[in-house]
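What follows is one structure encoded as structure tokens, with my remarks underneath.
The values are calculated or read from the model by the stated rules, or taken from the named source; none is laboratory data. It should be emphasised that the depicted structure is a prediction, and the values quoted were computed from it without experimental measurement. Backbone-built Cβ (ideal geometry, glycine too); neighbour counts: all protein chains shown. We work out accessible area using only protein heavy atoms, side chains counted, and drop any ligands, DNA or RNA first. Shrake-Rupley method; radii C 1.70, N 1.55, O 1.52, S 1.80 Å.
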Amino acid sequence: MKYSLVFLISFILINCQTSINKDFKISIITDDKIISYGDDIKINIESKSNIIIDSVKYFLNDVRVKNEFTISNVKLGKNSARAEVFSGGKKIELTKEFDIFSDTKPNILNYEIINEYSHDKEAYTQGLEFYNNILYESTGLNGKSTLRKVDLNSGDILNNINLEYEYFGEGITILNDRIFLLTWKNKIGFIYDLDFKKIGSFNYDKSQEGWGLTNDGKYIYKSDGTSKIWKLDPYNLEEIDFIEVMTDKSRIKSINELEYINGKIFANTYQQNRDVILIINSKSGKVESIINFSGIRDYLEADNNTDVMNGIAENDGKLYVTGKNWNKLFEIKILDE
């Protein structure tokens, strides 16, 4: 292996008594400034005071590795290199966190509008989902947050409940005849039956806030306004794992509305890239494609209240999108650029 750049020189030095040790430093050596999946890296330990090192054990995310290895079988985003340095009968632990980026650029895709449907322009859309061919939607803002059932063809609201003023409604998903609805900053979500009767609630754990929800038929996935998408147990809503959404150059934050389609997570971002949908590998967090929806606002009624694109739903192989306070909902077809 060849290495030309010492990357991320800063370090944390912790011995077994958790005191700072200034005799050693840890660094990650790589050929590139950005560390990508598949890159060769070296975990380097240096004795700053010429203290003899007896032996070193190396770990990546607590998995034992050699000091030189190829990055594989890890998730993108934040990872941790750790070394256990043995010297003079003592063990010194050194750790360094670093980001791993995607190894490929996302494909840029375009779109074609197939159909247009009426949409309530007063709806500050947070979640959009079909279940048993019926369209469900959640809306936000304190005092205006709702859970509703909508007729796709007419845009009419068939059923509707209002959340209490203290709750800012967020995303929804439906699994096993249970509707899961998030709130934004209250650290609580609600569970309803299909008639909108509240049958339970759940609290957030490590996730920062409540933004978007989707499911793969087995697990629930939740965004929290960061780059993370959490994997939830569908029975107790425990946050059991997460991925971080990464491209070849950056960490994508403000992940919002979600929709799980054929093994991928489709996602809006809030006030980052206004009119795009990311297609994300649900296992690694890699952004595989980006659908560019520039120009879609030209089909909307001119209104100062029109906000960002938000709302993704799939039904019977058809993809539907809308936005906050948009007067239309669109069936779209994805095209190669």
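Residues in segment 220-245 that are open to solvent by less than 60 Å² (accessible area, probe 1.4 Å) and aromatic (Phe, Trp, Tyr): TYR221, TRP230.
For (1) of a type in the set (Val, Ile, Thr); (2) open to solvent by less than 50 Å² (accessible area, probe 1.4 Å); (3) within 22 Å of the chain's Cα centre (by Cα), each residue gets a yes or a no:
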| site | (1), (2), (3) |
| --- | --- |
| LEU135 | no, yes, no |
| GLY140 | no, yes, yes |
| SER145 | no, yes, no |
| LYS149 | no, yes, no |
| ASN162 | no, no, no |
| GLY169 | no, yes, yes |
| ASN176 | no, no, no |
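Within the set GLY127, GLY89, GLY38, the sole residue that is within 28 Å of the chain's Cα centre (by Cα) and on the phi > 0 side of the Ramachandran plot turns out to be GLY38.
Conditions tested, residue by residue: (1) in contact (Cβ under 8 Å) with a residue 24 or more places away in the chain; (2) out of contact with any helix residue (DSSP H, G or I) (no Cβ under 9 Å at 6 or more places or on another chain); (3) in a loop (DSSP other than H, G, I, E, B).
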{"residue": "GLU116", "(1), (2), (3)": "yes, no, no"}
{"residue": "LYS121", "(1), (2), (3)": "yes, yes, yes"}
{"residue": "LEU135", "(1), (2), (3)": "yes, yes, no"}
{"residue": "LEU141", "(1), (2), (3)": "yes, yes, yes"}
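Taken as a whole, the structure places LYS283 among residues that are out of contact with any Ser or Thr (no Cβ under 9 Å at 6 or more places or on another chain), within 24 Å of ILE34 (Cβ to Cβ) and either without any contact (Cβ under 8 Å) to a residue 60 or more places away in the chain or part of a loop (DSSP other than H, G, I, E, B) (or both).
Of everything in segment 99-128 that is more than 19 Å from SER72 (Cα to Cα) and among the acidic types (Asp, Glu), the residue that is surrounded by the most Cβ atoms within 10 Å (Cβ to Cβ) is ASP120. Within segment 79-98, restricting attention to residues that are touching a strand residue (DSSP E or B) at 6+ places or on another chain (Cβ under 6 Å) and charged (D, E, K, R), the residue that is most open to solvent (accessible area, probe 1.4 Å) is GLU97. Taking segment 56-78 on its own, how many of its residues are open to solvent by 60 Å² or more (accessible area, probe 1.4 Å), part of a strand (DSSP E or B) and not charged (D, E, K, R)? Result for segment 56-78: 2. One residue stands out among those in segment 248-264 that are more than 12 Å from the chain's Cα centre (by Cα) and open to solvent by less than 40 Å² (accessible area, probe 1.4 Å): the one that is nearest to THR125 (Cα to Cα), which is ILE261.
For segment 314-324, filtering for residues that are crowded, with 17+ Cβ neighbours inside 10 Å and more than 24 Å from the chain's Cα centre (by Cα) leaves 0. Looking across ILE92, ILE53, one residue alone is at pLDDT below 90 and either under 17 Å from THR30 (Cα atoms) or assigned to a strand (DSSP E or B) (or both). It is ILE92.
Screening ASN162 with (1) touching an Asp or Glu at 6+ places or on another chain (Cβ under 7 Å); (2) farther than 25 Å from TYR221 by Cβ gives one miss only, at (1). Residues in segment 170-195 that are assigned to a loop (DSSP other than H, G, I, E, B) and either basic (Lys, Arg) or more than 16 Å from SER145 (Cβ to Cβ) (or both): ASN176, ASP177, LYS185, LYS187, ASP193, LEU194, ASP195.
Within segment 269-289, the residues that satisfy the criterion of being over 22 Å from LYS78 (Cα atoms) and either modelled with pLDDT of 95 or more or of a type in the set (A, V, I, L, M) (or both) are VAL276, ILE277.
Within segment 265-298, the set of residues being surrounded by fewer than 16 Cβ atoms within 10 Å (Cβ to Cβ) and within 12 Å of the chain's Cα centre (by Cα) comprises just one member, LYS283. GLU129 fulfils the conditions (1) modelled with pLDDT under 95; (2) among the acidic types (Asp, Glu); (3) within 19 Å of ILE255 (Cβ to Cβ) except for a single criterion, (1).
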